[in-house]
């Protein structure tokens, strides 16, 4: 219960951080996905069903704060990737930490990629530029932030 | 039987939860324009709006000096333009009277500040700090000093959501000057737009100005939108595709104006 309450508190804190200071987080117009980083941390600390529920809630908050015109897209993407995160979390003990991180970065890339693909689906001639100018920089920024954060707060807790 | 079902649900709970919540998300995504979804957005917007004011205040202070310098430069340019415009307007009014034209509606501008943006590199919506109480209505055009920014998508008591021109679903009817070719403008990523189905008999050149055509119920005519950068032949051989750059830099917009069009 304490972990769930702490997760809710952290969720509200990150939402507020991303809402209030979004302009300060931008590097050349690229923003990190703090919500997905939070979801990665939660997936290694909460039971799978709670992680999936967190993915949905985080996605819904993401859309209500930043993307009201396409509300429902982020919950869909984040619920699906929360499920994949639970699979990585379940198999973390048999995986090499480097491979775990590699999988996490692939999931960050897929999260941005799928979201951008849905988002830009109605625009012609942009598949290549969406990947090059949006998905790739967002993936790099979010991954670097995750790796930097994991130096201070390990993604995989020592006691599970 | 019931026990088997219960066991199945218990064992597969995470898969079932993922499927259920994905379907729920899909349902919300497909019900985007449902009143209850709007109501939920309104509640969140109204709750969060006051939290942003201290940040806006600090941003305002740091931006004032920079903006003051830019505005002074712009004022000098505009004074020169205004002198030219004044004589042209007099001539225009005289000619309009001669051919019996009715005067177009003047505008009222409601200044607004941005409360939140999308986290995507490209923005499709923003929250502004004025709403119903300040006179904002649904589908009011939103502009910046450089040109068209978007339209009001949802209105709450003291805030409103603006759908931006850089949204994948956004289209605006435009006219390319001086050829007066009309078409539908669509954003294609970055700061670029495309206008398709322009007859190849019309002479469109780089640096031609793109303005709103006034054919839609939302945008009045002659609001600047972009500049033509180049044209391409379309596959059909009879039309061209006009590619250009938007005048507004959507990564740097701070102050906006909601345009109240006074209809005659």
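No lab work stands behind these numbers, since they all come straight from the coordinates. Bear in mind the structure is a predicted one, so any value in this text is a computation, not a measurement. When we count neighbours, we look across all protein chains shown, and the Cβ atoms used for this are built from the backbone with ideal geometry, even at glycine.
Only alpha carbons enter this Debye calculation for chain B, each as an equal point scatterer, and the log10 of I(q)/I(0) it gives at q = 0.17 Å⁻¹ is -1.42.
Per residue of A:102-111, other chain Cβ atoms within 10 Å of the residue Cβ number 0 on average. The fraction of all Cα pairs in the stretch B:1-98 landing in successive 5 Å bins from 0 to the largest distance is 2, 9, 7, 7, 7, 7, 8, 9, 9, 11, 6, 4, 3, 3, 2, 2, 2, 1, given as whole percents. Taking a ≥ b ≥ c as the square roots of the eigenvalues of the Cα gyration tensor, an a/c ratio of 1.5 or more together with a/b no larger than b/c marks the stretch B:180-264 as oblate. On the basis of the beta-carbon distance and an R0 of 35 Å, residue B:43 and residue B:83 show a calculated FRET efficiency of 0.10.
Dividing the convex hull volume of the alpha-carbon atoms in the stretch B:138-220 by its residue count gives 108 Å³ per residue. In this simple spin-label approximation, residue B:36 and residue B:67 carry label points 7 Å from Cα along the Cα→Cβ vector, and these lie 4.1 nm apart.
With the simple model of a label 7 Å out from the Cα in the direction of the Cβ, residue B:233 to residue A:9 spans 6.8 nm. Counting Cβ atoms of other protein chains within 10 Å of each residue's Cβ and taking the mean over peptide A:20-26 gives 4.
Angle of helix A:34-43 to the longest C-alpha principal axis of chain A, folded into 0 to 90 degrees and rounded to 10: 30°. Taking a ≥ b ≥ c as the square roots of the eigenvalues of the Cα gyration tensor, an a/c ratio of 1.5 or more together with a/b larger than b/c marks the stretch B:110-264 as prolate.
For the stretch B:37-84, just say rounded, prolate or oblate: build the C-alpha gyration tensor, square-root its eigenvalues into a ≥ b ≥ c, call rounded for a/c under 1.5, and beyond that prolate if a/b exceeds b/c, oblate if not. Oblate, because a/c is 1.5 or more while a/b does not exceed b/c. Between 0 and 90 degrees, the angle of helix B:13-30 with respect to the longest Cα principal axis of chain B falls at about 30 degrees. Extension gain for residue B:12 to residue B:157 (0.36 nm times residue separation, less C-alpha to C-alpha distance): 47.8 nm.
From most to least packed by mean Cβ count within 10 Å, the peptides A:6-12, B:2-8, B:209-215, B:156-162 give B:156-162, B:209-215, A:6-12, B:2-8. Each Cα pair under 8 Å and six or more residues apart adds its separation to the average, and for the stretch A:11-160 the resulting relative contact order is 26 percent.
Seen against the Cα atoms of chain A and their longest principal axis, helix A:2-20 is set at about 30 degrees.
Panel order for A:86, B:182, by other beta carbons found within 10 Å of each beta carbon, from fewest to most: B:182, A:86. Gyration tensor over the Cα atoms of chain A: the corresponding equivalent ellipsoid has semi-axes (square roots of 5 times the eigenvalues, largest first) of 25, 18, 15 Å. Pairs of alpha carbons in the protein assembly as shown separated by more than 26 Å make up 61% of all such pairs. Per-residue shielding of B:10-18, expressed as the average number of other chain Cβ atoms within 10 Å of the residue Cβ, stands at 5. Take A:92-100, A:15-23, A:136-144 and order them by the average number of nearby Cβ atoms within 10 Å per residue, most first; the result is A:136-144, A:15-23, A:92-100. Taking label points 7 Å from Cα along the Cα-to-Cβ direction, residue A:144 and residue B:200 give a separation of 4.6 nm. Counting neighbouring beta carbons within 10 Å and listing from fewest to most, the residues B:65, A:78, B:132 come out as B:65, B:132, A:78. Going by Cα centres, the stretch A:86-104 and the stretch B:107-179 are how many Å apart? Each part reduced to its Cα centre gives a spacing of 44 Å. Taking other Cβ atoms within 10 Å as a rough exposure proxy, B:53, A:151, A:115 sort from fewest to most as A:151, B:53, A:115. Go ahead and estimate [θ] at 222 nm for chain A from helices alone: -39,500 (n - 2.57) per DSSP H run with n ≥ 4, summed, over the residue count, rounded to 500. Helices in chain A give a 222 nm mean residue ellipticity of -23000 deg cm²/dmol.
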